[in-house]
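Enquirer: Please find one structure pasted underneath; my questions will follow.
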Amino acid sequence: MLSFTWNAPVESLTDPNQFFKGLGADSVHGPIIRSHEFCGMKQIPSFQCNDVIKNPDFDSYIKNYEAHLTQYFGKQ
């Protein structure tokens with residue numbers, strides 16, 4: 001699982017009319033993901049926080065991160 005922190009809003013990654021052409025965060029870090037897969041690792045969906053400087057929402061980030069960890073790694 002990769003975790004990304006972006007100052008960019010999520011739309012800059014998911015909107016086909018913006019810089020990343022709607023390809024998402026995993027496409028930006030594709031070489032890292034492919035390198036891990038080459039070593040035998042399996043990808044777990046990435047987690048990201050967006051717009052962390054201009055419009056931070058830390059409570060939401062923490063809640064979403066905890067939910068992501070629980071979903072993919074189980075509850076401890």
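Computed from the coordinates by the stated procedures, all read-outs in this text should not be read as laboratory data. On a predicted model such as this, the values are computed, not experimentally measured, just so you know. All Cβ positions, glycine included, derive from the backbone under ideal geometry; neighbour counts span all protein chains shown.
Enquirer: Percent relative contact order of the chain, based on C-alpha pairs within less than 8 angstrom and at least six residues apart?
Expert: Answer for the chain is 37 percent.
Enquirer: Counting pairwise Cα distances across region 17-67, what percent come out greater than 17 angstrom?
Expert: It works out to 54 percent of all Cα pairs.
Enquirer: Still on this model: Which order do the peptides 34-44, 20-30 take when ranked by the mean count of other beta-carbon atoms within 10 Å per residue, highest first? Don't jump to the answer; show the numbers that get you there.
Expert: On the way: 34-44: 9.9, 20-30: 14.2.
So the order, starting with the most tightly packed, is 20-30, 34-44.
Enquirer: Per-residue ellipticity at 222 nm for the chain, helices alone: DSSP H runs ≥ 4 residues times -39500 (n - 2.57), over residue total, nearest 500 deg cm²/dmol? Before the final figure, lay out each step's value.
Expert: Working: 4 runs with 33 residues, N = 76.
After summing the helix terms and dividing by the residues of the chain, the value is -12000 deg cm²/dmol.
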